[in-house]
Amino acid sequence: MDELEQELRDLLSRRAQAAPAGHQVLSAVRRNVVRRRRRRRALAGGVATAVALATLGTAVLADRLAAPPALRMGAAPATAGRGDGGSTAPAVVFVPGSPVDVTFPFTSKPPLLGDLRPVLSLVAGRPTLEYLSPDPPASVTPSPPGSASTPPAPPTSTRAPQDAPAQNAAGSGLAALGAAGSGGAGAAIDKLLSPDSDPVTVVAADSPWTDGPFTPTTAATKTVVEGHLAVMGERRTAGGTDHVLSWTQRPGLWVGISMPTKVPDKLLTEYADSLVEAPITEPGPFDFDLVPAGFGVDNVSRAAVTFDPPGVEASLGYPGKIVVMADAGPQGAGSGQSLTVDGRPAWLHTDAGVTMLNVDEGAGWGITIQLPANLGVTEPDLLRFAAGVHLTADATPSRG
C-alpha cells in the first residue's frame, strides 16, 4: 500500500467515526435541513422580515418575484371577491414564501410572574403573550422535528372541519424570558393562580380591541400606567372573572392585559408598569417555500397558521381561510383520495365545502391543510403548496 492509499484509508476511517449512528441519521439530516433553511432566511435580509414594530399587526404576503414579500399580520386587503362563499373568489397564486414569525413589542423587566411559562402567538392579527402554568397539560406529543424516537400512537380525538385554532403549548423560544421571571417577587402572582385559572394575557395592537376580551364590562375606572391614561375594570370569562387593563402606549401601539381577579389590582398595575419596549420574536411552527400572494396571516400558534384571503376579516375562526396545522400523526389517514406529496403519503377529501389534505410527515407527525373548496385552488397547486410546508423545531401538535 503506497502513501496515497494509506492517506485515503485514514481519511475514510476518520469520516466513518464522525458519522452518526444509524438510528440518528434521520435526525441529523433533518437538523441540517432546518439549519440550512434558517441560514437562507438570514441571508435573505429584508426578505425574512416577519412582524416589524413600525407595521404592528399590518404586513402583507406579496409577490416576491417583483419585490421582497412583507407579511401582513391581520386582514388581507379588500377585493371584489371573497374566499368565504359569499361571492366568486379570485384565483389563488402561490409565490415564493417567507418566514411566519411573531414579534411582540414588550418584555417584562422585573420577575413579577414567577414560574409562569411565556407563550407567544398571533391572535386575530394581534401579537399576544400568554403566561401559562409551569407544567404543560399531559397529552400525546410526538418527538420534536428532527429527533429520533419511536413514533407515538396518534391521538384518539378527531378534528371537524372549520375548527377554531388550537390553544398554544409551551414555547421553547421564550425560555430565556421565562427564566428571567423565576423567583423573587414573581411568586406573588404565580402562587395566586390555580391550574384552572385563566392565563395572564398581554395583547398589542395598532388600535384598541374594542369588541375583544380587554373591554371591561363592570367596575371600569381610570388609572395611569407609566404616565399613560389607562382603563381598568372586570370582565366575566368562561374561567371566572378577570381584571382587564388597557391603554395606548403611543400612536399605533395599544396594549391590553388580562389577569384573574385572584391577582390584586396592585400587582396588575405593577406588571403593566414593568413592561419595556424591547421586542421578542418567536419562530412559527412552519417554514413555507410557497405562500398565497396577497393573503394575510391572522393566527399563528405552535400548532397552526391561518392565511386569510382578501376581503376576509382577521378573526379567530378557520372558515374562509387556508389553514395549516401540525398533528400528532396524520389525521384522517386512509380517508379520501390516496396520493403522495413530495414522496410522503397523503389523503385528500372534501366535506361540507371544505377541502382537507392530510400529509404523513413520519416520526409521529402529520400536517393538515384545510381550505374552502370554492377558493379556486387546483389540486396540483395544493400539492405544490403542501410539498413546501416544513415543520420547524418550534412546532407542537394541535390538540383540538
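The values are calculated or read from the model by the stated rules, or taken from the named source; none is laboratory data. All figures in this text were calculated on a predicted structure; none of them were measured in a lab. Counting neighbours? That spans all protein chains shown, and the Cβs are built from the backbone with ideal geometry, glycine included. Ligands, DNA and RNA are excluded from the accessible area calculation, which covers all protein heavy atoms including side chains. Shrake-Rupley method; radii C 1.70, N 1.55, O 1.52, S 1.80 Å.
Annotations for the structure displayed:
- The mean accessible area for residues of the range 296-365, using a 1.4 Å probe and ignoring ligands and nucleic acids, is 29 Å² per residue.
- Taking 14 Å as the cut-off, the amide N atoms of the range 205-221 that come nearer than this to a point 7 Å along the Cα-to-beta-carbon line of GLU313 belong to 209-213.
- Summed side-chain charge close to THR340 - residues other than THR340 whose Cβ falls under 14 Å, Lys, Arg +1, Asp, Glu -1: -2
- Angstrom value of the Kirkwood radius, inverse mean 1/r, which spans all Cα pairs in the range 188-230: 13.2 Å
- Counting only lysines at least 8 places from LYS262 when in the same chain, those with an alpha carbon closer than 22 Å to its own are LYS191, LYS222.
- Spacing of the modelled spin labels on SER335 and ALA219, each 7 Å from Cα toward Cβ, amounts to 4.6 nm.
- The string of couplings for the range 198-215 from the Karplus curve (6.51, -1.76, 1.60, θ = phi - 60°) is 4, x, 6, 10, 10, 10, 10, 8, 7, 8, x, 8, 5, 9, x, x, 10, 9 Hz, one whole number per residue in order, with x for Gly and Pro.
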